[in-house]
Amino acid sequence: MYRVAVDVGGTFTDIVLQNEKTGEFFGTKTPSTTHDQSEGLITGIRKICKEQNIDVNDIHSIIHGTTVATNAVLEEKGAKVGLITTAGFEQILHVARSWTPAPVSAWMGFLKPEPLADLIHTAGAKERMTAQGTVHLVLDEEDIKEKIKGFYDQGIQSLTISLLNSYANSDHEERIREIAEEINPDIPVSISHDILPEFREYERTLTTVMNSYVRPSMQLYLNNVATKLANEKVESHISIVRSDGGLMSIEAASSRPVHTMLSGPAGGVTASAMIGNQTGYKNIISFDMGGTSTDVSLTYNGVPKVVRETLVGVFPVKSPSLGVVSIGAGGGSIAHVPLTGALRVGPRSAGATPGPACYSKGGTDPTVTDANMVLGYLPASLVGGEMKLDIEASKEAIKPIAEKLGVDVYAAALGIYNIVNENMYGATRVVSVEKGYDPREFSLLALGGAGPLHANAIGDLSGSFPVIIPPTPGVLSALGFLQADIRNEYSKTFIKLLSQLQTEDVVSELTGLGDNCDQWLAGEHVPANQRTTKYEVDVRYLRQGHEIPFEIDLNKLKEEGLALIKNRFDEMHQVAFGFKMDTEVEIVNVRAVAIGKVDSPKLPTVKPGDSDASKAIVDDTHEAYFDNAFQKTLIYDRHFLVPNNRITGPAIVTQKDSTTLILPGNVAVVDENLNLLIQREA
């Protein structure tokens, strides 16, 4: 039997098929269908089944990462949302956190986005809970019933309920949901206690509103997927990838789509951590460069960094996700020369349609892909020969840039290449240097269709070696989905000074949440021997405005007491900020994470060969542009490379899903798992 993973990107949809018996995997790509991502999904599954000569009924599970929820927010195409909050707090989304982006003067040009729930569609419920969870003012049910009817008369498509202090007591939220569903059971209702039962009213409300905003779009999309698979007579079990790298059912994704906002990038982070552990390089900076954007993340000691808050557009969403920094730099990023006369690249992208000029689909703007084409870094075709490239069209697209800069077309193309590399290097510093890590102590792992073309250059800029190019970099995010486990979490706000607590108090709270995890895993039919629960605490110094989340071993906590939390927090604060304080420490939130282990076949190893890679050479006359001149650059077919093969740069390694560039002064060696390890030549 087989498993299929599908990752829908802005330009291509990536598909990976894995044989569960042998562990072998096969990847392919198909153009994304932005008007309906489910069409690209079905096309990709059909394509890989045909290529590998298997029947679709041999696929027993499909794992899918989607950008539907993210796109709905970024393109402002979500639902018309109604918001019910506590009376007197109706402007919560407008007041927000009084935040503007850096630098200091950026507020002058900052256009504050419209809230996802309009003020005219916001109502205050006559009720009040205290922070301790006791009822201060009983809910006025008749009043809220009339307000909900008014919302529905105005055409509200999705309803959010987020009341003050509901993290401590959700009774009023749950009662309002019951009333809303009695009035109209077809309109989806999201309550904040289900989505984020933690303190901080703005973040809790915004996250729940965003869930409501994308929920109808997600439900429609998932229904389309299920319908198309049924039409194809595919009876596979479908799982959706969460932002934190776990899996959730279609039903869970339909009701809590906010947990899928970074679904796609999560696969790349998971796969990067897996390959880092496999190769022995456990400290990894990965960058996933596609056609539209680049996602950069950090894995330390084999474990990806999980963050509790992430930006979707300009909105700070408090939902667990793997730590990813995204920038508008991809193969389709468009170069331009503004009035300042300085060359710029991105964030505007040519996308899949019309795409770069060399795709011959009507695109005329100069893109990063066109620059690579002009420099000789790309072969004459992509996707195993399915997509022919037009170098003359690339030259024509870049010619206006060259004329504005007063240089030839090759120097202009090299400028585009160098600038986009600097942009991505900046993103690697955000996840490393700005978090207290030295990038020179990390390896760099490239994925995405365009990543391996730029990996060696970014490795040079950051000092991160070896640069690792996995066997299928163009579809690695999809491969990472195959390594994902079933995942969910339960949390609770628990604001207490350590000095006021006994060890048993914290253990009791964590154990209670752990029991919820075990019950949930049982409901997901995960066998008892495949269930794991991890425990976390969010901790801060007294009167700090932010906290640091970290994992804690429950057995060690019982043995060592609360000093374990204090010492661990001091260590993490020292790493992140360069100092620690001799002051009171308080716990803010406690959390239990449920993990249902999914059996993932190990990647196969390959019989080693020798250092001679000449059998893989497919073009010994090709030239590429380096150091202001064209140099002889051998082209290798990766399909024919075996472990221990050695390739000296400059060289190009082609494969169906990506192209790797090895710069002069560097050498690549193939390891036993067919990864390319690029190092500076001694």
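Only the coordinates and a few stated rules stand behind these numbers; no lab work does. Being a predicted model, the structure only gives us computed values, none of them experimental. Note: ideal-geometry Cβ built from the backbone for every residue, glycine included; neighbour counts use all protein chains shown.
Straight-line reach from residue 21: which aspartates and glutamates fall under 18 Å, measuring Cα to Cα and dropping same-chain residues less than 8 apart? Those aspartates and glutamates meeting the cut-off are 55, 58, 599.
Step through the table entries 388/607; 47/395; 282/435; 112/149; 112/534; 282/534, compare each Cα-Cα distance with 28 Å, and write down the pairs that go over it. Beyond 28 Å between Cα atoms: 388/607; 47/395; 112/149; 112/534.
The angle between the Cα long axis of helix 391-405 and the main principal axis of the chain comes to about 80°, on a 0 to 90 degree scale. Rounded to the nearest 0.05, the FRET efficiency derived from the C-beta distance between residue 500 and residue 97 at R0 = 35 Å is 0.80.
Along the Cα→Cβ direction, 7 angstrom out, place labels at residue 582 and residue 681. What is the inter-label distance in nm? In this crude label model, residue 582 to residue 681 measures out at 5.6 nm.
Compared with the direct C-alpha span, the chain from residue 114 to residue 74 gains 13.2 nm at full extension, assuming 0.36 nm per residue. Under 23 Å of direct C-alpha separation, and excluding same-chain neighbours fewer than eight residues apart, residue 147 reaches these lysines: 80, 126. The Rg/Rh ratio for the stretch 582-661, using Cα coordinates for both the radius of gyration and the Kirkwood hydrodynamic radius, is 1.37.
Per-residue extension of 0.36 nm, minus the Cα-Cα distance of residue 134 and residue 392, leaves a gain of 85.7 nm for this segment.
On full extension, the segment bounded by residue 178 and residue 438 gains 88.4 nm, given 0.36 nm per residue less the C-alpha separation.
Dipole magnitude for the chain: about 820 debye, using +1 per Lys or Arg Cβ and -1 per Asp or Glu Cβ, origin at the Cα centre.
Taking percent of Cα pairs over 44 Å apart as calculated from this structure, the corresponding entry among (1) 37; (2) 25; (3) 61 is (2). Report the FRET efficiency, 1/(1 + (r/R0)^6), for residue 152 and residue 620, where r is their Cβ-Cβ distance and R0 is 51 Å, rounded to 0.05. Result of the calculation: an efficiency of 0.10. Of the peptides 509-522, 204-217, the ranking by mean beta-carbon count within 10 Å, highest at the top, reads 204-217, 509-522. Entry note, the chain: the mean residue ellipticity at 222 nm calculated from DSSP H runs of n ≥ 4, each adding -39500 (n - 2.57), is -10000 deg cm²/dmol after division by the residues and rounding to the nearest 500. Rounded to the nearest 5, the antiparallel percentage of DSSP beta bridges internal to the chain is 70%.
Per-residue 3J(HN,Hα) values for the stretch 522-535, derived from phi via the Karplus relation 6.51 cos²θ - 1.76 cosθ + 1.60 with θ = phi - 60°, read 5, x, 8, 6, 7, x, 4, 6, 10, 9, 9, 10, 10, 10 Hz in sequence order (x marks Gly and Pro).
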